[in-house]
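The values are calculated or read from the model by the stated rules, or taken from the named source; none is laboratory data. Fair warning: this is a prediction, and the values are worked out from it, not measured in the lab. Here the Cβ positions follow ideal geometry from the backbone for every residue, glycine too, while neighbour counts run over all protein chains shown. Keep in mind that these areas ignore ligands, DNA and RNA; they rest on the heavy atoms of the full protein, side chains included. Shrake-Rupley method; radii C 1.70, N 1.55, O 1.52, S 1.80 Å.
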Amino acid sequence: MSADATERDVARVVSRVENVGGAAFVSKGVTRTIIGLVGDVTSFHHLNLRTLPGVADVHRISDPYKLVSRQHHAGRSTVWVGQPGQQVPIGPDTFTFLAGPCAVETPEQTLEAAQMAKSAGATILRGGAYKPRTSPYAFQGLGRAGLEILADVRALTGLPVVTEVVDARDVEIVAQHADMLQIGTRNMANFGLLQAVGDAGKPVLLKRGMTATIEEWLMAAEYIAQRGNLEIVLCERGIRTFEPATRNTLDISAIPVVQASSHLPVIVDPSHAAGRKDLVVPLARAAIAVGADGVIVDVHPSPETALCDGPQALLGTELRELAQAVRRLPPVVGRLDAGEVARSAR
Ligand code: PEP
Ligand code: MN
């Protein structure tokens with residue numbers, strides 16, 4: 001409370017808080033009074049405490065999100081992706097490798113990329129049928145035909161599929177074809193879309209908005225969780241900074257920060273962070289070392305003809321190096337191979 005707050009001002013705050021079911025603890029100092037509030041933070045929200053006479057400032061100590069917070073959830077969660085008999089874990093005990101083309105272009109290209117991913121050790125296939133492009137003139141993805149290709153390639157390879165959904169009207173059809181729904185960086189704060197994927201009954205891969213704070217990202221996850229879907233995996237994919245050498249700056253510290261405040265698994269996308277293939281392996285190694293629960297990487301059988309993000313797609317030497325890193329490094333930081341855990345769970 002401000003130094004000139006009256007007894008009535010203090011009593012008003014206390015009664016407003018008690019009226020919404022909270023408790024208020026008044027501590028009187030020599031010049032100032034501090035009131036500590038305990039209870040459901042969401043109900044304090046509507047009180048507009050800052051507007052009351054005598055209130056100098058309001059500081060929140062607890063997290064603004066609840067369902068995704070560790071404050072109300074002991075331990076960290078594991079999300080299982082795939083149809084029964086095909087499920088792969090993403091969580092604290094394992095390291096999961098997801099790979100595939102940026103975009104689904106043809107049945108042959110998608111199958112080839114999936115086979116490259118699988119032989120490099122990946123256990124979940126990525127690939128976009130709906131591409132959220134910065135330019136309306138760029139390749140927008142095959143849409144429904146792309147979903148069918150992904151479903152066919154899943155049947156041929158046995159790899160569960162994650163694919164992006166960019167429009168709430170497509171959520172149902174994407175959920176029918178894919179095992180996990182991806183929300184891309186450009187839609188992280190599209191709250192109607194978040195609610196729609198929350199209702200879809202499939203795990204969600206929620207990428208961090210390129211200009212979103214960690215708190216905003218977790219609030220976006222809370223929108224999905226609020227619909228009763230806690231099968232959410234977060235993905236750090238780089239944020240915009242002043243540095244032009246990389247497409248985005250991979251915020252490696254976000255991984256332990258998120259893990260300290262949320263129980264949700266968090267993986268890293270070094271391909272979309274860097275935008276260049278020579279940085280993908282070093283960044284993937286960093287992700288493993290910092291404690292990420294997995295990495296998701298672009299691969300393409302002929303990056304030079306790729307319709308989307310060719311410069312960051314791995315092939316040949318880099319892919320072999322990546323395969324080695326994801327096989328050797330996770331055990332060093334106490335992680336099991338997600339593929340082996342998946343097989344022994346069947
Ligand atoms: C993608 O993964 O295909 C993609 C478009 O990524 P982002 O949303 O992180 O840019
Ligand atoms: Mn891409």
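Per-residue answers, yes or no, for (1) closer than 19 Å to H272 by Cβ; (2) within 17 Å of the chain's Cα centre (by Cα); (3) open to solvent by less than 30 Å² (accessible area, probe 1.4 Å):
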residue	(1), (2), (3)
L147	no, no, yes
A168	no, no, no
V174	no, no, yes
Q195	no, yes, no
L206	yes, yes, yes
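For segment 45-59, a tally of residues being assigned by TED's automatic domain parsing to the domain that holds R12 and under 28 Å from the mean Cα position of the chain (by Cα) returns 1. Close contacts from segment 76-87, counting a first residue that is among the aliphatic types (A, V, I, L, M) and a second that is in a loop (DSSP other than H, G, I, E, B), with Cβ to Cβ under 6 Å and a gap of 6+ residues or different chains, come to V79/P203; V79/E231; V79/P265; V81/P160; V81/D179; V81/P203.
Any residue that is closer than 30 Å to S344 by Cα, acidic (D, E) and assigned to a loop (DSSP other than H, G, I, E, B) - is there at least one of those in segment 95-112? Among the residues of segment 95-112, not one is closer than 30 Å to S344 by Cα, acidic (D, E) and assigned to a loop (DSSP other than H, G, I, E, B), which makes the answer no. Across segment 240-259, the number of residues qualifying as open to solvent by less than 60 Å² (accessible area, probe 1.4 Å) and within 16 Å of ligand 2 (Cβ to nearest atom) comes to 3.
Can you say whether T134 is surrounded by fewer than 21 Cβ atoms within 10 Å (Cβ to Cβ) and over 16 Å from Q86 (Cβ atoms), as far as the supplied structure shows? Give the derivation first.
Values: surrounded by fewer than 21 Cβ atoms within 10 Å (Cβ to Cβ): yes; over 16 Å from Q86 (Cβ atoms): yes.
Yes: the conditions hold for T134.
Yes/no matrix, rows are residues, columns are (1) free of Cβ contacts under 8 Å to residues at least 24 places away in the same chain; (2) in contact with a Gly (Cβ under 7 Å, 6 or more places away or on another chain):
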residue	(1), (2)
T163	no, yes
N190	yes, no
L193	no, no
W217	no, yes
R227	no, yes
L234	no, no
R240	no, no
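Taken as a whole, segment 64-74 holds at least one residue that is part of a loop (DSSP other than H, G, I, E, B), among the charged types (D, E, K, R) and either open to solvent by 10 Å² or more (accessible area, probe 1.4 Å) or under 30 Å from D298 (Cβ atoms) (or both). Annotation: V266 fulfils all but one of (1) under 26 Å from P107 (Cα atoms); (2) at pLDDT 95 or above; (3) not polar (S, T, N, Q); the unmet one is (1).
Evaluating I124 against the criteria (1) within 25 Å of A325 (Cβ to Cβ); (2) open to solvent by 10 Å² or more (accessible area, probe 1.4 Å); (3) not small (G, A, S) leaves one unmet condition, (2).
Checked against the criterion of being within 16 Å of ligand 2 (Cβ to nearest atom), in the same structural domain as G228 (by TED's automatic domain parsing), under 30 Å from V290 (Cα atoms) and modelled with pLDDT of 95 or more, the candidates A129, A120, A114, A103 yield just one match: A103. Whenever a residue of segment 101-124 is closer than 13 Å to A313 by Cα, its partners that are of a type in the set (D, E) and within 16 Å of ligand 2 (Cβ to nearest atom), lying with C-beta atoms within less than 6 angstrom and at least six residues away or across chains, give the pairs C102/D298; C102/D309. Here A221 clears all of (1) closer than 25 Å to L314 by Cβ; (2) within 16 Å of ligand 1 (Cβ to nearest atom); (3) in contact (Cβ under 8 Å) with a residue 40 or more places away in the chain except the condition numbered (1).
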